[in-house]
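Written out below as structure tokens is the structure these notes cover.
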Amino acid sequence: MYKYDQYDQAMVDARVEDFRDQVRRRIAGDMNDDQFKPLRLKNGLYLQLHAYMLRVAIPYGTLNSRQLRKLAEIARKYDRGYGHFTTRQNLQYHWIKLEDAPDILAELATVEMHAIQTSGESIRNISADQYAGAAADEICDPRPWAELLRQATSFHPEFSYLPRKFKICVISSPADRAALRWHDCALRIVRNEAGEEGFEVYAGGGMGRTPFIAYKIRDFCPAAQIFSYIQAILRVWNLHARRDNIHKQRMKILVHDLGEEEFRRQVEEAFQHFLTLDTDFPQAEYDRIAAYFTPPPFETGLPDDIDRSDPDFALWVDQQVIAHKTPGYAIANISLKPIGGIGGDATAEQMEVVADLAERYSFDDVRVTHAQNLVLPHVRKQDLYAVWQALHEAGLADANLDLVTDVIACPGLDYCTLANARSIPVAQKIQRRFAEMERQLDLGELKIKISGCINACGHHHAGHIGILGVDRKGTENYQLLLGGSGAEDTTQAKITGPGFDEDGVVDAVERAIERYRELRDPGERFIDTYRRVGLDAFKEAIYG
Amino acid sequence: MRLLTGNDLKTGAVIWWTGRDWSVHVEDAADAGEHGEAILAAEEGARRVNGGYMIDAIDTTQGPRPAHIKDRIRARGPTVRPDLNLKPADPAAGDWVI
Ligand code: SF4
């Protein structure tokens, strides 16, 4: 993985000391909250319901064991012994004290981590395929590009006062495991007919109050010109964004208002201008960064079969283990969705177990997924049983990847100051309702996503079944949505009708799922049946 | 009744105006009546509270209970982590939240 050079380290260290001084001045009364708030947000520090919340960036969801152990140590020392992995592949601590925040950032800096640009009107943590460098279907590892873009956009003056936040995603496979088209700007690495690498570029996606799926703005941008193209997109948005209206500042609104063709025309014009400025990444710089992502020294001649004589282990393999590009290796997904637990939460001890396993069995590599799970990307198949045993002991061996109990849920009203309703208890009730393994397996892939408000951090627009918490006269109410997807077949979910209370929405989910079982053709997933028969067939079952 | 609440500047803890001071226990909260805005302005100026605001509450024999669910959750802690509440040993501590 990437290693900081002296410039990176100096920048991050200087930023910590700046913030230390800002916190000191705020506590001493030299700054009021209006002056201080934008500064703390630029360092990922929010004020939530019960305490400050610190959002730590995990660039493209990649961690090493040293970093994960540091995250565990911080959880234990400064928080309440746990952290929450988010749908942006980041980690949040929910019980931070302002007076501790500079020390925490200083500790993060010792393992090349920070919280810069995890909030505010900036280019946020760049996300990527969690199986990067391991996936059997990828063209190349997308992370060197994500890292180049991270470096080029961090502290970039033109991107320091953006109209609103801006989210970039990079993948390099036909399968989309990163909710690509729900980003402001999305890049898929492809090869053209001449075999040259470049990018399919998508623009204008985003969830929130006004959801839009990004449209393909360019079929092919040569790899060597991608930074010019991204600067062109940002320039057009920066020039024309509706800075006067907080609900209209995201780039998706501009794309919608201008129309795809006009937005593309303006971007192409700006692109031609940027090409003359010579700001693209030189090949030598790409090579320098790519060298940090050279594949680990995989062994050859390893056995490819797995001893499945332990049925619990076999079930876990079937559900959690994915094909690796190298014979003898596998990608092992670690569920953070125990039945009745809090999705995405990991205790300090669990983080340490995963760090140990990564060090011992996965070339010191851990990934965070946007579905709030973890991944050991490079495990020898012959080591899977030992990995599973250790996970089992740590309460991390649930076998529910992409099943009905692998629910994405934002922190909701249990933690979040913007929430209308709680998300986690709804997820827990759904999990308990469908806990029986046979039932989960019978239902197959079924992605449920829950947000506690219209900001959609729980990706409800992209759920096969989505749930949105709303405030109905001071009480929690939940809208049900069907038909969304964050995969390569991206679609936006549709609201089914009037909302429900907490128990009511769990019952409604079950009725929708039972209708799917009645209507499905052999081999059809929930989303396939929904697409074939349409919303009305489900509405009937949901509302009677 | 009207309560004043906010977060402690240094720790972020949820705090309630008691009439003289701030407490982490909603049971200690006092009716701020008509004077809420003036108290908040003075207390924020003195950095004894951060992000303060006024809420409606109901007076009960067990003490004041915020009218809105968001402030009831603030008063008690995340409903999904009763072990992290201010009174985790009291199984009835949160019965009034939801
Ligand atoms: S979706 Fe709303 S409630 Fe959930 S975390 Fe985001 S802002 Fe908070």
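The values are calculated or read from the model by the stated rules, or taken from the named source; none is laboratory data. All of these numbers come straight from a predicted model, not from anything done at the bench. All Cβ positions, glycine included, derive from the backbone under ideal geometry; neighbour counts span all protein chains shown. With ligands, DNA and RNA removed, areas are computed over all heavy atoms of the protein, side chains included. Shrake-Rupley method; radii C 1.70, N 1.55, O 1.52, S 1.80 Å.
Select, from A:PRO338, A:PRO425, the only residue that is within 16 Å of the ligand (Cβ to nearest atom), touching a residue at least 40 places away in the same chain (Cβ under 8 Å) and either under 27 Å from A:TRP95 (Cα atoms) or basic (Lys, Arg) (or both). Outline the logic, then answer.
On the way: A:PRO338 fails: within 16 Å of the ligand (Cβ to nearest atom).
None of the others qualify; the one that does is A:PRO425.
Can you name the residue in the stretch A:451-481 that is at positive phi and within 14 Å of chain B (Cβ to nearest Cβ) and, of all such residues, is nearest to the ligand (Cβ to nearest atom)?
This residue is A:GLY474.
Looking at A:LEU376, A:LEU413, A:LEU391, which one is touching a residue at least 40 places away in the same chain (Cβ under 8 Å), part of a helix (DSSP H, G or I) and either under 19 Å from the mean Cα position of the chain (by Cα) or within 16 Å of the ligand (Cβ to nearest atom) (or both)?
Result: A:LEU413 is the single residue among A:LEU376, A:LEU413, A:LEU391 that is touching a residue at least 40 places away in the same chain (Cβ under 8 Å), part of a helix (DSSP H, G or I) and either under 19 Å from the mean Cα position of the chain (by Cα) or within 16 Å of the ligand (Cβ to nearest atom) (or both).
Please work out if A:ASN400 is surrounded by fewer than 20 Cβ atoms within 10 Å (Cβ to Cβ) and either within 14 Å of chain B (Cβ to nearest Cβ) or at pLDDT 95 or above (or both).
Numbers: surrounded by fewer than 20 Cβ atoms within 10 Å (Cβ to Cβ): no; either within 14 Å of chain B (Cβ to nearest Cβ) or at pLDDT 95 or above (or both): yes.
When the stated conditions are applied, A:ASN400 does not pass them.
Condition first: assigned to a loop (DSSP other than H, G, I, E, B), open to solvent by less than 30 Å² (accessible area, probe 1.4 Å) and closer than 30 Å to A:ASN245 by Cα. Can you find one or more residues in the stretch A:169-179 that meet it?
Checked the stretch A:169-179: at least one residue is assigned to a loop (DSSP other than H, G, I, E, B), open to solvent by less than 30 Å² (accessible area, probe 1.4 Å) and closer than 30 Å to A:ASN245 by Cα.
Quick check on the stretch A:359-397: of everything there that is of a type in the set (Phe, Trp, Tyr) and over 30 Å from A:LYS3 (Cβ atoms), which residue is least open to solvent (accessible area, probe 1.4 Å)? Lay out the reasoning, then the answer.
Step one: of the stretch A:359-397, the residues of a type in the set (Phe, Trp, Tyr) are A:361, A:363, A:385, A:388.
Those still in the list that are over 30 Å from A:LYS3 (Cβ atoms) too: A:385, A:388.
Values: A:TYR385: 83, A:TRP388: 18 Å².
Ranking the candidates gives A:TRP388 first.
A:ALA146 versus (1) more than 14 Å from A:LEU71 (Cβ to Cβ); (2) part of a loop (DSSP other than H, G, I, E, B); (3) in contact with a helix residue (DSSP H, G or I) (Cβ under 7 Å, 6 or more places away or on another chain): which is the lone unmet condition?
A:ALA146 satisfies every listed condition except (2).
Those residues that are within 9 Å of another protein chain (Cβ to nearest Cβ), crowded, with 16+ Cβ neighbours inside 10 Å and not in a helix (DSSP H, G or I), I need them from the stretch A:2-52; list them, please.
Matches in the stretch A:2-52: A:LEU47, A:GLN48, A:LEU49, A:HIS50, A:ALA51, A:TYR52.
For residues that are of a type outside the set (Gly, Ala, Ser), within 14 Å of chain A (Cβ to nearest Cβ), touching a strand residue (DSSP E or B) at 6+ places or on another chain (Cβ under 6 Å) and part of a strand (DSSP E or B), tally how many sit in the stretch B:36-55.
2
Can you confirm whether the stretch A:358-365 contains a residue that is modelled with pLDDT of 95 or more and part of a strand (DSSP E or B)?
Within the stretch A:358-365 (the criterion being modelled with pLDDT of 95 or more and part of a strand (DSSP E or B)), the answer is no, since none of the residues qualifies.
Looking at the stretch B:17-35, is at least one residue within 11 Å of chain A (Cβ to nearest Cβ) and free of Cβ contacts under 8 Å to residues at least 12 places away in the same chain? Steps first, answer last, please.
So in the stretch B:17-35, the residues within 11 Å of chain A (Cβ to nearest Cβ) come out as B:24.
Right, trim to free of Cβ contacts under 8 Å to residues at least 12 places away in the same chain and you get none.
Scanning the stretch B:17-35 turns up no residue that is within 11 Å of chain A (Cβ to nearest Cβ) and free of Cβ contacts under 8 Å to residues at least 12 places away in the same chain.
So A:ALA419 clears everything in (1) in contact with a strand residue (DSSP E or B) (Cβ under 8 Å, 6 or more places away or on another chain); (2) closer than 17 Å to A:ILE495 by Cα; (3) within 12 Å of the ligand (Cβ to nearest atom) except one condition, right? Which one?
The failed condition is (2).
Condition first: over 14 Å from the mean Cα position of the chain (by Cα), closer than 16 Å to A:THR491 by Cα and in the same structural domain as A:LEU254 (by TED's automatic domain parsing). Can you find one or more residues in the stretch A:175-190 that meet it?
yes
For the stretch A:401-423, how many residues meet the condition of being touching a helix residue (DSSP H, G or I) at 6+ places or on another chain (Cβ under 6 Å), more than 21 Å from B:HIS68 (Cα to Cα) and not aliphatic (A, V, I, L, M)?
The number of residues fulfilling the criteria is 1.
Give the residues of the stretch B:7-59 that are at positive phi and either surrounded by fewer than 19 Cβ atoms within 10 Å (Cβ to Cβ) or under 10 Å from the mean Cα position of the chain (by Cα) (or both), sorted by residue number.
B:GLY19, B:GLY33, B:ARG47, B:GLY51
Take the conditions among the aliphatic types (A, V, I, L, M) and either under 15 Å from A:HIS50 (Cα atoms) or within 11 Å of chain A (Cβ to nearest Cβ) (or both) and apply them to B:ILE58. Does it pass? Steps first, answer last, please.
Numbers: among the aliphatic types (A, V, I, L, M): yes; either under 15 Å from A:HIS50 (Cα atoms) or within 11 Å of chain A (Cβ to nearest Cβ) (or both): no.
No, not satisfied.
Enumerate the pairs (first residue in the stretch A:73-91 and touching a residue at least 40 places away in the same chain (Cβ under 8 Å); second residue anywhere and aromatic (Phe, Trp, Tyr)) with beta-carbon separation below 8 Å, excluding pairs fewer than 6 apart on the same chain, so at least 6 apart or on different chains.
A:ALA75/A:TYR82; A:ALA75/A:TYR93; A:GLY83/A:TYR93; A:HIS84/A:TYR93; A:GLN89/A:TYR60; A:LEU91/A:PHE85
Anything in the stretch B:78-98 that is without any contact (Cβ under 8 Å) to a residue 12 or more places away in the chain and either surrounded by 15 or more Cβ atoms within 10 Å (Cβ to Cβ) or within 12 Å of chain A (Cβ to nearest Cβ) (or both)? List them, or say none.
B:PRO78, B:VAL80, B:ARG81, B:ASP83, B:LEU84, B:ASN85, B:PRO88, listed by residue number.
Every residue in the stretch A:184-207 that is open to solvent by less than 10 Å² (accessible area, probe 1.4 Å) and not charged (D, E, K, R), please.
A:CYS185, A:ALA186, A:LEU187, A:ILE189, A:GLY198, A:PHE199, A:VAL201, A:ALA203, A:GLY204, A:GLY205, A:GLY206
Would you please name the residue that is most open to solvent (accessible area, probe 1.4 Å), looking only at residues in the stretch A:435-450 that are touching a strand residue (DSSP E or B) at 6+ places or on another chain (Cβ under 9 Å) and away from the ligand (no atom under 13 Å from the Cβ)?
A:LYS447
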